[in-house]
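Worksheet: one structure, shown below.
The values are calculated or read from the model by the stated rules, or taken from the named source; none is laboratory data. The model shown is predicted, which means the values in this text are computed figures rather than measured ones. Virtual Cβ from ideal backbone geometry, glycine too; neighbours counted across all protein chains shown. Keep in mind that these areas ignore ligands, DNA and RNA; they rest on the heavy atoms of the full protein, side chains included. Shrake-Rupley method; radii C 1.70, N 1.55, O 1.52, S 1.80 Å.
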Amino acid sequence: MHRLGVKGKWFMSLGLIFSLMMGWAPAGLADEAKTDQAAELKKVEATAEAAKEPEKPQWNVQTDILSQYVWRGIALSRNSVVVQPSFTGSYKGFAVNVWNNFDLSEQNPVSLKRPNSKNAHWNETDLTFSYTREVFKNLNLTAGTIIYLLDGANSAYNSVEIYGGADYKLPWFNFGVGVYREVNHFPGTFLQWYIHRAIDIPLIEGMNLDLWASWSAEFSNDKAAFPVFDSAGNLENKFYRSLNAGHIMVTLNIPVGKYVVVAPKIMYWYALGGQSTGTLSALSWDGQHNHLLGGVNLAVNF
């Protein structure tokens, strides 16, 4: 009877412990579930609160300091540093940009006003008005116009283009195309397609390596604006309708504080063969169809 009594007590004790464990476990799991639910609820509330905040205008002020100014494969400076300040304001897809080129020693061999002056000149201001909208997930469409305000160093006339483009974000890079049509002087159509990727670098928050590659074609309706030459360098009576230039650029974006980014960069422009070799050489101030240049970009975003 004594042994049976001891066994009975052990069975009763084990049963009590088991009951307590069974009773505690669901309570613990319930508490954990409540904690997870609370955390998720806070995330949802934070997202909803952020969505309630009105969209604010974005502003960007930046300056490129480069060893040369190259536009669509055409060198518009030589043997001098150029400074290119820019200001952009954007709001709900609309954007306005003012871009400038200041040549510290302008040496244009075909200038209408001051050939080979070797003096500093502010010789170009571009105004861009655009609208961008995401029409499908990861697909953005853009339309706009560019007004090129040129002095005698680059052209006797100002230029106006209308353009449209598309950018699609793939898992590893962005792919985009653009079509530009001159509507003021030098009639023609310029096509561009590109790939672009930014690789995060964990040394500094927001630091990344920006990789860019693009290619283009020009279909000109003005023989004077884009002269065509044969292999011997003789001017031909043809319209320039050819693959134009390739552009490769590597930029290292380094955040400095909350608003400032310092970005050293290097780039290479090259003719794509065919008519482009002679035409880009003839239009470039340095007489070359390939150009290697570099510099730094200083930007403030707020």
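The figures follow:
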{"quantity": "Selection count where residues are at pLDDT 95 or above and either exposed (fewer than 15 other Cβ atoms within 10 Å of the Cβ) or among the aromatic types (Phe, Trp, Tyr) (or both), scope region 101-119", "calculated": "2"}
{"quantity": "Filtered residues of region 215-258 (kept if within 18 Å of the chain's Cα centre (by Cα), among the hydroxyl-bearing types (Ser, Thr, Tyr) and under 15 Å from Gly273 (Cα atoms))", "calculated": "Ser216"}
{"quantity": "Filter pass, Tyr194 being within 20 Å of Gly294 (Cβ to Cβ), aromatic (Phe, Trp, Tyr) and surrounded by fewer than 17 Cβ atoms within 10 Å (Cβ to Cβ)", "calculated": "no"}
{"quantity": "Boolean, Asn184 is outside any strand (DSSP E or B), in contact with a Phe, Trp or Tyr (Cβ under 8 Å, 6 or more places away or on another chain) and either open to solvent by 70 Å² or more (accessible area, probe 1.4 Å) or among the small types (Gly, Ala, Ser) (or both)", "calculated": "yes"}
{"quantity": "Some residue of region 140-150 being assigned to a loop (DSSP other than H, G, I, E, B) and either modelled with pLDDT under 95 or open to solvent by less than 30 Å² (accessible area, probe 1.4 Å) (or both)", "calculated": "no"}
{"quantity": "Total residues in region 151-177, condition within 22 Å of Lys113 (Cα to Cα), in a strand (DSSP E or B) and open to solvent by less than 30 Å² (accessible area, probe 1.4 Å)", "calculated": "1"}
{"quantity": "Meets criteria (open to solvent by less than 20 Å² (accessible area, probe 1.4 Å) and touching a Ser or Thr at 6+ places or on another chain (Cβ under 8 Å)) for Gln62", "calculated": "no"}
